[in-house]
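Have a look at the structure below, then the notes.
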Amino acid sequence: MVKSMPARSEVSIDETWDLQSLFPSDEAFHEALSALEKEVDTFASTYKGNTKDAASVNELLKAYAEINEKFVPVGTYASLKISTDQTDDEAQMLSSKFGSSAAKVNSKLSFVTSELLALPEETLEQAMQESDEFKVYLEKLIRKKQYQLHPEVEKTLAAYSSTFNAPYGLYNTTKMVDMSFDDFEVDGKSYPLSYVSFEGDWEAETDTAKRRAAFDAFSKKLKDYQHTTAKTYDMQLQTEKTTSDLRGYDSIFDYLLFNQEVDRSLYNRQIDLITSELAPHMRKYAKLLQKAHGLEKMTFADLKISLDPTYEPEITVEESKKYINDALGIMGEDYLEMIERSYSERWIDFAQNKGKSTGAFCSSPYGNHPYILISWTGRMNEVFVLAHELGHAGHFYNANRAQNIFNARPSLYFIEAPSTMNEMLMANHLLENSKDPKFKRWVISSIVARTYYHNFVTHLLEAAYQRKVYERIDAGQSVNAGILNNLKRGVLEEFWGDTVEINDGAELTWMRQPHYYMGLYPYTYSAGLTISTQVSKRILEEGQPAVEEWLEVLKAGGTKSPVELSKMAGIDITTDQPLRDTIAYIGELIDELEKLTEEIEGE
Ligand SMILES: [Zn+2]
């Protein structure tokens, strides 16, 4: 039953995270921020214009790394504080304060890369020979050289950074602050609606009349804001296009993929192969849902229902601990200790409240412990969400300790591998420990409906749509709500064919995703899950040696490219085999669901 959300001030403290390990109070945050601004001035006056030889390069980078480390807690505090309540005025002010400070500071620090890149390449090579510490950083920097602009231009651009980031802030403000949903009615009874309750509850509601009415009410409200949101998004796209052109990239795709260290063939393969080869399996799954629920027709608003609504185990936060420990125990003592601390030291924000960010995420500040945001609904599938976020936590818990601040983060292409890996471990654990066909069906349908649906369908269709958007932008065009609606509808229709009716409102789905403000992110979900599906199979078959290799991959952080990291884990992503194997595996899971359903109904 969906209740209306409490205000943040009304939730129990045990359900909230403890930001005190970052700063004990807002005052302490403000003090640290002013101290940092002063330190940056000192840093600039000490080092600006003084980097001439290899030794001074390494000295500069050592001091630069320290400044970057001090930046982390203030940035994290500002963004986490607002994420639990976007309507909190103080948190908004604090976040804006950080944004404008960060822009000033970044502008003052921009001389570092400009001056390093102005040095002869031999000097940088020499610096790499003299010290391993900044080798990876310098290699990545040299790669960027041809796209670097004049130092004064870099400085000016950096000063505008908070303005360049404004579309994302505006998007969130429209979505989380301005948009407020009216109750909707079914058979004379009214029900409360919010962004969080729609995505967390109503979308999966088993009563078809209520579910579809919630979808209509939700879409109606989205529609009121479609033009503002499209304009905001267009601003983001035009900024990216201008940046790409100014820096001299061949296309906006090359610009956006540059930091991911993968080429366009890996990007395109993920979208093309899944669109064509996964679609038949997923249509089969949609038909299975339709049959199980006795629906006359299957619409876009029905895709999130569970296969067996009478079987939905519930779980408390306290109970989740045992599942998480048992499923992820294979990762070893150190990993388990992290999990223990994540509960006992309140790294996780479980509360459901008004104004909280939708979905779930993990923030892993360098030099501190990770933080996880989740809105706990009490449904058992939350153990998958939590296992996922703890996968990000476990990744950076390892990488942050093993690497310096510049080397900790790998390419976006790899980011969702450790997280989805934990979902696979959770599923394997649950399947091994039950003989009950209903429970088994619940587990498999959770992996299909959650893990694979989310990563291979939702995000992938976002990626397919996003590619069409960027093709337009790259050709010098712009977008508006009508164009975005058409593109989104086209992608959904192509994937679902006649199996699912793309009902009114579905075309507005592009408005729901913050990822569009993060470059070519959506496709990386399927890339990460392709890697993790194959590695989790290795762990099932080979046990400990495969786990040890995986832990080494986590520790490697950003010191290797996605192709190299996958290779360390025994997976060759330069071929399309891992992806084909993964799609075939999803097909097998759906066949297994059909079989179990027949078995259960035949009893
Ligand atoms: Zn994730």
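No value in this document is a laboratory result; all are computed from the given coordinates. Model, not experiment: these values are computed from the prediction. When we count neighbours, we look across all protein chains shown, and the Cβ atoms used for this are built from the backbone with ideal geometry, even at glycine.
At a glance:
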| quantity | calculated |
| --- | --- |
| Proportion of all alpha-carbon pairs of the chain beyond 32 Å (%) | 49 |
| Dipole magnitude (debye, nearest 20) for the chain, charges at Cβ of Lys, Arg, Asp, Glu | 1220 |
| Relative packing of 358-366, 453-461, which averages over residues the other C-beta atoms within 10 Å, highest first | 453-461, 358-366 |
| Ranked list, fewest to most other Cβ atoms within 10 Å of each Cβ, for 247, 143, 346 | 143, 247, 346 |
| Ratio Rg/Rh, restricted to the stretch 1-160 and using Cα atoms, in which Rh is the Kirkwood radius | 1.10 |
| Evaluated over the stretch 488-571, the Cα radius of gyration and Dmax, each in Å | 18.2, 51 |
| ³J(HN,Hα), Karplus 6.51/-1.76/1.60, whole Hz, each residue of the stretch 77-82, x for Gly, Pro | 4, 4, 7, 6, 4, 7 |
| Whole-percent pair-distance distribution, where bins are 5 Å wide, for the alpha carbons of the stretch 449-499 | 5, 19, 25, 23, 14, 9, 4, 1 |
| Shape box of the stretch 272-321 [Cα atoms, principal axes, largest first, Å] | 42, 30, 15 |
| Antiparallel content of DSSP bridges confined to the chain, in %, to 5 | 70 |
| Residues 128, 511 arranged by fewest to most Cβ contacts within 10 Å | 128, 511 |
| Under 5 Å, built H, 5+ apart or other chain: amide partners of residue 17 | 349, 350 |
| P(r) tail fraction, the stretch 208-363 - alpha-carbon pairs more than 28 Å apart, % | 58 |
| The chain: calculated mean residue ellipticity at 222 nm from DSSP helix runs of at least 4, using -39500 (n - 2.57) | -20000 deg cm²/dmol |
| Alpha carbon centroid spacing (whole Å) that separates the stretch 281-310 from the stretch 348-404 | 30 |
| Interchain or long-range residues, amide H under 5 Å from residue 305's placed H | none |
| Scaled radius of gyration (Cα, divided by 2.2 N^0.38 Å) that the stretch 334-484 gives | 1.24 |
| Under Karplus coefficients 6.51, -1.76 and 1.60, residue-wise ³J(HN,Hα) of the stretch 540-546 in Hz, glycine/proline x | 4, 7, 10, x, 3, x, 5 |
| Protection proxy ranking of 415-426, 97-108 - average other beta-carbon atoms within 10 Å, highest first | 415-426, 97-108 |
| Nearest-ten-degree value, helix 26-47 long axis tilted from longest Cα axis of the chain | 40 |
| Enclosed volume per residue, in Å³, of the convex hull spanned by Cα atoms of the stretch 274-396 | 166 |
| Simple Cβ-charge dipole of the stretch 1-113, Lys/Arg +1 and Asp/Glu -1, about Cα centre, in debye nearest 20 | 600 |
| Set of aspartates and glutamates with alpha-carbon distance to residue 108 below 14 Å, sequence-local pairs under 8 removed | 37, 39, 41, 152, 154 |
| Other-chain or far-sequence residues with amide H under 5 Å of residue 186's (modelled H) | 191 |
| Net charge contributed by nearby residues that have their C-beta within less than 15 Å of residue 74 (K/R +1, D/E -1) | -2 |
| Whole-number D in µm² s⁻¹ for the stretch 349-419, Kirkwood Cα-pair radius fed into Stokes-Einstein, 10 °C, 1.306 mPa s | 122 |
| Cross-link reach list, lysines versus residue 104, counting only Cα pairs under 25 Å and skipping chain neighbours closer than eight places | 38, 48, 62, 70, 81, 140, 144, 145, 155, 241 |
| Fewest-first sequence of 593, 288 by Cβ atoms within 10 Å of each Cβ | 288, 593 |
| Only Lys, Arg (+1) and Asp, Glu (-1) charged, at Cβ; the stretch 365-441 dipole about Cα centre in debye | 140 |
| Cross-link reach list, lysines versus residue 223, counting only Cα pairs under 22 Å and skipping chain neighbours closer than eight places | 175, 210, 231, 304, 354, 356, 468, 488 |
| Sorted peptide list for 65-73, 381-389, criterion being average Cβ within 10 angstrom, highest first | 381-389, 65-73 |
| Along principal axes, Cα extents of the stretch 397-510, largest first, whole Å | 51, 47, 17 |
| 15 Å tail of the calculated P(r), the stretch 179-261, as % of Cα pairs | 67 |
| Solvent-free Debye scattering, log10 I(q)/I(0), computed from the Cα coordinates of the stretch 91-183 at q = 0.17, 0.19, 0.24 Å⁻¹ | -0.84, -0.93, -1.14 |
| Where only alpha carbons of the stretch 445-603 are counted, the Rg and the Dmax (Å) | 18.8, 61 |
| Per residue, the convex hull volume that the Cα atoms of the stretch 1-86 enclose (Å³) | 132 |
| Using θ = phi - 60° and Karplus 6.51 cos²θ - 1.76 cosθ + 1.60, couplings along the stretch 443-456 (whole Hz; Gly, Pro as x) | 5, 5, 5, 5, 5, 5, 6, 9, 4, 6, 4, 4, 8, 9 |
